[in-house]
Amino acid sequence: MSMPFDPEAVRQLANILTDTGLTEIEIESKEGRIRVVRAPPIIVATPAMTVPVMAAAAPAPVVAAEELGKHPGAVLSPMVGVVYLAPEPGAAPFITVGQSVAAGQTLLLIEAMKTFNQIKAPRSGTVTRILVAPGSPVEYDEPLLILE
C-alpha cells in the first residue's frame, strides 16, 4: 500500500539538512514516516594542503550510512559530538585519503561536552574514504571513515 506524502514537507526537511549540515532526518506521525538522506560531502586532502577542501566530483552512487557502517573497514563514531579533522584551525589534518596509518594513530577528534576525544585507528591500514566534514555533527555508530 502506498502512502500519500506532502512534497512541501520533504522540501522543508531537505532545507533543514542543508541548513544544519546533517546528512539524515526522519519524522514520524500517525499518518506515516518521512526520511530524507543526503550524501556527505566528498573531502579531498593532500599532504601539502593545510585545510581540506570540497571537491567537485562526478556523482557517485549513493551508499546508505547503514551500508557504510557494515563495511569491514569502517571506523564508527563511539559517541555523539562534532568532528574535527585537524588538531587546531589552520593545522594540517590528522589523516588524508590514501595515507597509511598505524594502529593507535589519531585519525580525528570528536568534541563532546567541551572535551576533545581522540579517535584512534583500531588497526593499521590505508585511509580510503573520509565520510565526515570538519565541524559536522556525528551520531553514535555513524561511519567516520573507511580504513582498508
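The values are calculated or read from the model by the stated rules, or taken from the named source; none is laboratory data. The structure displayed is predicted, hence computed values, not measured ones. Here Cβ is always computed from backbone atoms with ideal geometry, including for glycine, and neighbour counts include all displayed protein chains.
Points to keep in mind about this one:
- When A55 is tested against the conditions (1) of a type in the set (G, A, S); (2) within 17 Å of R38 (Cα to Cα); (3) modelled with pLDDT of 90 or more, the lone failure is (3).
- Subset of region 135-148 [of a type outside the set (G, A, S), in a loop (DSSP other than H, G, I, E, B) and crowded, with 18+ Cβ neighbours inside 10 Å]: E142
- Check on A91, touching a residue at least 24 places away in the same chain (Cβ under 8 Å), assigned to a loop (DSSP other than H, G, I, E, B) and exposed (fewer than 14 other Cβ atoms within 10 Å of the Cβ): yes
- Each residue in region 95-124 was checked for being part of a strand (DSSP E or B), surrounded by 13 or more Cβ atoms within 10 Å (Cβ to Cβ) and not hydrophobic (A, V, I, L, M, F, W, C), and 5 of them qualify.
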